[in-house]
Every structure is written in structure tokens, then in C-alpha cells.
Amino acid sequence: MKKIILLLIFFSLAYGQSVFAQKRTVSGIVTAADDKAPLPGVSIRIKGLNEGAVTKADGTFSIVVRNGKYLVFSFLGYESQEVEIDGHKEFNIVLKPAGNDLNEVQIVGSRNANRTKLNSASAVDVIDIKPLLESAPQASVTQLLQYISPSFHSVNGSNAGDAGSALSLAQLRGLGPDQVLVLVNGKRRHKSANVNYGGLGNGSTGYDLNSIPSGSIDRIEILRDGAAAQYGSDAIAGVINIVLKKKTDDLSVNTTGSTRRRGDGATTRTSVNYGVGLGNTGGYINATAEYATQAISLPAGKADAGLYNGPIYGGGANTRGYDAIYTKEIDDAILKSRGIDRHFFDQRGGGSNAGQDALLSFNAGFPLNKTTDIYAFGGISSRNSQFTAVYRLPGWTSRNNNFIYPDGFLPAMENNIVDGSIAVGIKGKVGYWNVDLSNVFGKNSFSNRVDNSLNASLGLKSPTSFDAGRYNAGQNTTGLDFNRYFEKVLKGLNVAFGAQHRIESFQIIAGEEASYSKADQRTIVDVDTTVGGIPYLSNAGVTSLNGLAAGSQIHLGFRPENAVNVSRSITAGYADVELNVTKAWLISGAGRAEYFSDFGNVFTWKAATRYSFARWLNIRGSANTGFRAPDLAQSYYTSVSTTFQQGRGVDILTASNQSAAARALGIPKLTPEKSKGYALGLTSAPGSNVELTVDAYLINIDNRVGNTGNFTSTDANLPADVKTLFQQTGAAQANFFYNEFSTRTKGIEFTGSYKVLLDKGNINFLFGGNFSKNEVTKVNTPKGLEAYKNVILSPGERARVTTNIPAQKINLQGIYSLDKFTFLLRTVYFGKVTTASLLSAADPLNPVYFYQNLKPIWVTDLSVGYRFTAKLQATAGVNNVFNILGDYTDPSIAGLRNPTVVGIQNGSAGIQPFIKLSAHL
């Protein structure tokens, strides 16, 4: 309640200032620079507001201004011009012919360059990054969107496991990370090579948005509607389009530093952006360099969160409490003699990995002549990320060697992630048509190194550092697009069509032998006889002699038989039309045919309409079909990782869908997911500088790809091929990729803004919300596995896709500028969450899960900025100013450690002060 009161006070003060705002009239004439002729129909708007006017037939205009600072003049075919009012009442404006279309603005979701977010037939958010970089606590792309977009969700990657902890994947409307498509400057971006393990989006690949420098972004457009027919595979939940900066002659520097209240988890991010004009016809190159650091964070919560309370040096320390044979007093005496205490074994992580990011990007364009431009954009980034798992205690006899680590060890997984992309293209006029020919290449590479670890089965011969292998994914897309606007067809017809050819690749490279081997395996020799009665020795399989854990602890390396190098090609053609039947009525439709070399043909369509009753009310609706082709990684990925169930380490194999074991179980090869989506909404501008959108949606997805639950090595009913997998890897449990379930997602979302110019300053209010529900409508149980229905779709996986993301999210934000000060106050509501944790797999057909409910939370941010000069601003503030942590892990599943905060609602680790510096030189 105190956050709401704070916001109301903030809004009331700002509203009170607006009462004293003064009004005045300014006028003038707009002419063309080339022939000095008056220009009728030029749009004049007060910068930052909806208030505006257009020039008359003689080029004159008159507009009422309430203490506005700037007027913006824009007209198709001419360069826009911004002028400062500064007390002037008369203006003579001369607009220069553009000569090219480098400054053309295109809203995602429509190929009509004149479309805006309010007159679009589909829901679109347009987010200006600049004020957030100057005032908001967050600095990375995913965290900026997490706190400003109600339909967007992303938390720190440490809520996933292993390599997935290095990423913060994006989700829309509660659907998976692989059901949203990402574009950069309207062109399809490549995905991460990693398959997410554990956490949200389990079993999915996604886009690494944080490999794009935040300082390079002009704005982000989020299309909250299915758009597979317009843009292709993945766009089931929507599309995120990142528009890069084109600005020239401005050197901007932004730097942010923050730390948690306990002094851990310190972060820094610094970006430098500069643009240079090329020639005198509008060419440009804009470049950005960015560097970020992240320190390891302790588990969120109280000072002793994550502290280990159980046996340390005794045998079986991870499976039982103290008893008469091994007592706490014995442990305490050993600790004292070693000169350490229980904090030596504290759990690390829980909020973020340790890491460093270095990023470079550019965006360039150059006109060849009045109708043709060439363009290019791209970048490269390198991230070093260290994930530390659960401390291996000295008493864990199957996972530790006391001669190597007498006090146990904390294994670390080091990921080096290199992401690169380059796009080149040429666009211009061919007759009356706009033509765009482009090629975009992108590649994402992961290397896995395991340090401070061992292979217990190798005994004293075990190394302590391992090359666990690497993997990468690449994508090359060639596109040819046409569009044309027919002004005289009814009230305007926009026609677009085109073709694309895309090649995708995925590769796994095996690690060194010590990273995956199980050295205690021995061949079982049996005596058999030939048909003629002659005895001979036969190989009857293998057995483990000592039961010590195989491979590098934390993450086993890729085996040679896991190595793959695969690719596929996709050819697509599309058509997209928008017709203004009348000035008030818009209809649009799109169709797309795609051919996948591994999945065959897919056709999708979309239809949408919008009717404008008045400026204050537009009704819109859409229907679409969509699809998502399983990623190559989901078909071919295989790995072994360690998880902890009730304090006991368990090695779990994620097996390839292409494996003999999958076929032996009756799990078929993957097929595309298919969807049907519907939306109905309204947009409104009920008053000056007020915008409002409300949209309801329904999305049905059939045959979603996910990870099955875990089959156990002790299950005597498993086929021989599955048992062989367990023997080779030493894993105790295994899961598989499979089109295992169908879902229905429904909800309603709203966004709004209110912009006010005050007598002394101005204020921008933003608000939004998303209320959704995800449910599983069908489980696809393979024939012969009916008894394993609770394994095919485990309760844990069902919770991940239905209740692990807050079903309700509300954003309230105000930015108040007063003289040299800028105040930001924001609060975000994250709804309740329910998790499901595995307690026991003793009965392989009916694993036991524990359900934990997490109550809703409000997270509030506050900052104050001061502009020392027109080009230098400093901001200080606090993320999560009221130190809202959320619910703690339930003690019944916390094991032998003190409970920690379950951070999957917003990823927050408590109160976090920050400081920012922004400069324009």
C-alpha cells in the first residue's frame, strides 16, 4: 500500500503543476528548399506530445502551444526539422528534399511506413530506450524491458542451470523463449546455440538480447500478436524488433554501477556511442562499444541464507543428518583444526553469475543516388560467465577425492560465448516499387570449461580442470522484399511480397576424454556356445566397479558420439496487403509458405482489421495461424548435468531426440508446433497527450516441444538401448525432447501513457498490465508408455509452462523533469507463482513433487537525476527500494542448507542502490 500512496503523491504534485501551464499561439509558413514553393500538408507537432497541426494550401500554419520547447516539422519526401520555440511567435521553415529514405520509420507488424502504434491493427509497444538508460536502475536490454513492458518476462540466468545461467532469455505472454521472434532493423536475428536446462523455458533455445549493446538501440518495438505469416517461424507469441541508432555528430557515454546491500553482486556497464555523417546526402555510420562486469552474488535473503547445516566430513553427508556414529561435535572439531568455519561451504550464486561482457556494434547507410541506398549493420560480443554449483562436501564419498580436495570443492563452469552478426543490403526504387535485397549472417558459439573440479572415477589421476567441449549455431538469411503504396485504390492500398532463403546449422564438438569418461567401468564376459557346441567368450555389457561419479563435476563433457555437425535449409515466400477501405476502416491480410528441408511444407495466414469510430476510439481484431519448427539443437543436443534432489546429487542425461534410445522408448522424431491465435482490442486517445490500448488474446498451440520428465536407471522395464545410455554416461536419470503437450493461453493486456508539459518542467506517465492464464489441454503419451504419463509431462514441467511465470503483471511509472532535475518513480507488480520440485523418483511411474506457492510482490524503483550542464547528467537511485525479496524456499525442500529466496518472479535479490552518468560530447 505504501508504494501506491507514494505514486499517488507523485502524480498529484505533477498534475498540480499543470494547472499553471500557460498557453500561447505560434504561426508561420513552411516552404520547400529546392523551389521555394509553399508546402501544404506538412505535419507540425509539439515534441513529446500528441498536440499538432498541418499546414494549409498556402503553407501557413497556426498552433496552440502550452509551454512547449520544440516543434517538429515532417513531410513525406523531405527531411524532418526540429526547432526550439524559445519565446518566438513566428517561424519561416524551409524543408530540404530527403533525396533518400534512410530516415524512414517502419513499425513492426506492418509494412506500411505510415503505420503507427495507435492506428495499427495489431498491438504494438514502442519503447524509447534513451530516458531509461539515463534514469532507470537497469542497464541490460532484458532487464530494461522486464520493468517497462507488461507482457515481457525475463529473469537473471542463474535461475536456469549450467550454460543456461549465462543467458537471460526473453518471453512474451507467458509462452516459451523459442515462441518469440527477434528482429534487428526489421531483419531476422540468429538464436543462441544453447539449449536451456532447468529454470524457465526448460528445453528451449532463445535469443541472447544482451549480446546487443543497450547503448546502440534507438527504440524497441514489441508486436504482441502472432505474426508467423508475416515473419516466419517462432513468431507465435509475438515479435521484438530492435531498431539501432542512426544519429550522427553526437558522442554519448552512459555508465552505470550498482551493488547489493550485502556488498555482493556488483555490476557495471559502460557504453560509448558515436555517429559520423558520410557525404552530404544523408549517409551515416553509427558505432557503439560497451563493456559490462558482474560479480558473483550470494543467495538472496538473510545474512545466513544458503549456509550448510548438515554433516560435512562424514560419509554420506549429503543423504542423512547427524547420528550417533557421526556427530556435529566431530565436524566442529575438524573445522576448528582446519582453521575454517561453516561459511567456508556457503552456497554461491542465486542471483547472477560472475562475468564480463565486451560488445561492439555498428549501423550504417549510404545513398548511391536519389532513389537507392546501401546499408549494413552488425556486431560482435564476447561474454565470459562463471556459474558455480552446489559445494561438493568432503564427506560426499562418491563425488570427492579427499586426497585432492580434503575440504571438498566448489566446481565452476566457465562459458565463453562469442556472438557475431553482419547484415548488408541495398534498397531503392524499381519503377513504382520499393525493393530491398539483403543478406544477414549470424553465429553464436559456446565453449564449456570446468574448473576446480574432478572426475571422481579417475581417482588420483583426475585433472582438476577440463575442456568439456563446445557447440555453436549459425544462420544465414537472404531476402528480397517488394512493397508499394497505391494511393488511389479506395483510401490507400499497401502491397508487399517477397522471398527468403535461410540456412541454419548446429555443431557439437566433443570435450577431452577425462571430462566425460567413467573410468571404473569393466566389461562383463560371459561364456556362450556356438551351434556346434564350441564354447567361446562373449561381451555381455559393462558394469561399474566402485560407483564413483563419472566425468567432470558440475557438467560432463560432450562424448565423441554426441558430436554432430548438421544443417538445414528453409525457403519461404510471403504476401502482405493492407487496404484502407475508408478513412476509418482498415483491413489487412498476409500469407506465407515455407519449405523446411527436414520438416517439409508449412503454410500460415493472418487477417486483421481496425475501425476508427473517432480519435478517442479505434476497435481492432486479428486471427492468425502460426508455427515453430523445432531447432536443430532440440533435435541433436545431448548432455549430462548434475542436479540436487533433496540434497542428493543426481546426474541427469538429456538425450538426443535422434538417439536409438528415444526410438526404443517409442518417442518419435520432432515435428513443428502449430498455433491458432485470436485478438480483439481497442486503442484510444481520449484527451490531449493521452494514449490507451486494451487487447484480449487467445493462443492455442498444438504439440509443443519440451523435455520429458526423468526416466530412472533403476527402472527394470526400460528398453536395452536406454539402459546402455545409463551405463555409458553413469547418469541416474534421463529425459528426452518430444512434442509432448498442447496448451491454451488467454489473457488481457493494457498499456497507457499521459504526457504533460508543465509550467516548470514536464512529466511522462506510463502504465500497463497483463493478466493471463496458461493451461495444458493435451498430453501426447507415446503408445506403450501410457503408464509413464506422469513422466512424459512431469508435474515440474507442467508447472514451468503454466504457473512458473507471474500470470499478473502491472507496471506504473512516472518520469518528472523539473529544471535540472529528473525524478523517476516506478513500481511493478509481479503476481503469484507456483513451483513444483521433485522430492522422490523412487517410484518411476509416479514421481513425488512438492508444490510451493509464492505470494505476489511489488518492486519499487526510485531515482533522482541532476543535469550539471546541457550535456552532462548524473543519476542516483535504488532498485527495489523497499527491499522486497519474495518468498523463501520452503524448509521441507531446502535440504540441509538455510532456505533462500525463490527469485523466479522478477529475479530480484533485494535492495540495490545504483549510480549513472550520462554525457553527450
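Read-outs throughout are calculated quantities, based only on the coordinates presented, and are distinct from any laboratory measurement. Keep in mind that this is a model prediction, so the values were computed, not measured. No Cβ is skipped: glycine too gets one built from the backbone with ideal geometry, and neighbour counts run over all protein chains shown.
Of LEU368, LEU838, the sequence from fewest to most neighbouring Cβ atoms within 10 angstrom is LEU368, LEU838. Evaluated with a Cβ-only charge set (Lys, Arg +1; Asp, Glu -1), the stretch 331-456 carries a dipole of roughly 320 debye about its Cα centre, given to the nearest 20.
Calculated on the alpha-carbon coordinates, the convex hull of the chain measures out at 172 cubic angstrom per residue. For the stretch 80-93, 3J(HN,Hα) computed residue by residue from phi via the Karplus equation (6.51, -1.76, 1.60; θ = phi - 60°) reads 5, 9, 10, 10, 8, 5, 6, x, 6, 10, 10, 9, 10, 9 Hz, glycine and proline entered as x.
Within the chain, what percent of beta bridges assigned by DSSP are antiparallel, to the nearest 5?
Working: 331 of 346 bridges.
Rounded to the nearest five, the antiparallel share is 95 percent.
Each Cα pair under 8 Å and six or more residues apart adds its sequence gap; the mean of these over the residue count of the chain is a relative contact order of 12 percent. Counting other C-beta atoms within 10 Å, and keeping those with at most 15, which DSSP coil chymotrypsin sites (Phe, Trp or Tyr not before Pro) do you find in the stretch 548-650? Answer by residue number: TRP616.
With a point put 7 Å past each Cα toward its Cβ, work out how far ASN92 is from VAL72 in nm, to one decimal. Simple spin-label model gives 2.7 nm for this pair. Spacing of the modelled spin labels on ARG342 and ARG261, each 7 Å from Cα toward Cβ, amounts to 2.3 nm. Below 10 angstrom from the Cβ of SER622, what's the summed charge of the other residues (Lys, Arg +1; Asp, Glu -1)? Net local charge, SER622 excluded: +1.
Excluding the site residues themselves, the longest part of the chain lacking any GluC sites (Glu not before Pro) in a DSSP loop with at most 13 other Cβ atoms within 10 Å is 488-921.
Of the trypsin sites (Lys or Arg not before Pro) found in the stretch 557-609, the ones in coil according to DSSP and having at most 16 other Cβ atoms within 10 Å of their Cβ are LYS583. Between helix 328-338 and the chain, what is the angle of the helix's C-alpha long axis to the longest principal axis, kept within 0 to 90° and rounded to the nearest 10? Tilt relative to the chain: about 70 degrees. Measuring between their Cα centroids, the stretch 123-188 and the stretch 479-509 lie 26 Å from each other. Give a quick list of trypsin sites (Lys or Arg not before Pro) in the stretch 661-733 that DSSP marks as loop, anything other than H, G, I, E or B, with at most 15 other Cβ atoms within 10 Å. Sparse-neighbourhood loop trypsin sites (Lys or Arg not before Pro): LYS669. Shape class for the stretch 138-288, computed from the alpha carbon gyration tensor (a ≥ b ≥ c): oblate, with a/c not under 1.5 and a/b at or below b/c. Hey, what angle do you get for helix 720-729 against the long axis of the chain, alpha-carbon based, 0 to 90 degrees rounded to 10? Approximately 90 degrees, to the nearest ten. Considering only alpha-carbon pairs that sit under 8 angstrom and 6 or more positions apart, the relative contact order computed for the stretch 659-800 is 27 percent.
Residue pairs exceeding 24 angstrom between C-alpha atoms, taken from LYS47/LYS187; LYS89/LYS130; LYS246/LYS427; LYS47/LYS871; LYS669/LYS778: LYS47/LYS187; LYS89/LYS130. Neighbours of ALA412, meaning other residues whose beta-carbon lies under 12 angstrom from its beta-carbon, give a summed charge of 0 when Lys and Arg score +1 and Asp and Glu score -1. Using just its DSSP H runs of length 4 or more, each adding -39500 (n - 2.57), the chain gives a mean residue ellipticity at 222 nm of -2000 deg cm²/dmol after division by all residues.
Using Cβ counts within 10 Å as a stand-in for footprinting exposure, how do LEU335, LEU839, LEU223 rank, fewest first?
Ranking LEU335, LEU839, LEU223 by Cβ neighbours within 10 Å, fewest first, gives LEU839, LEU335, LEU223.
The calculated FRET efficiency for the pair ALA37 and THR293, based on their C-beta separation and a Förster distance of 60 Å, comes to about 0.60. Given +1 at the Cβ of Lys and Arg, -1 at the Cβ of Asp and Glu and no other charges, the dipole of the chain around its Cα centre is 2080 debye to the nearest 20.
Counting charges near HIS153 (Lys, Arg +1; Asp, Glu -1) among other residues having Cβ under 12 Å from its Cβ returns a value of +2. Placing pseudo-labels 7 Å out from each Cα toward the beta carbon at PHE868 and ALA623 gives an inter-label distance of 6.1 nm.
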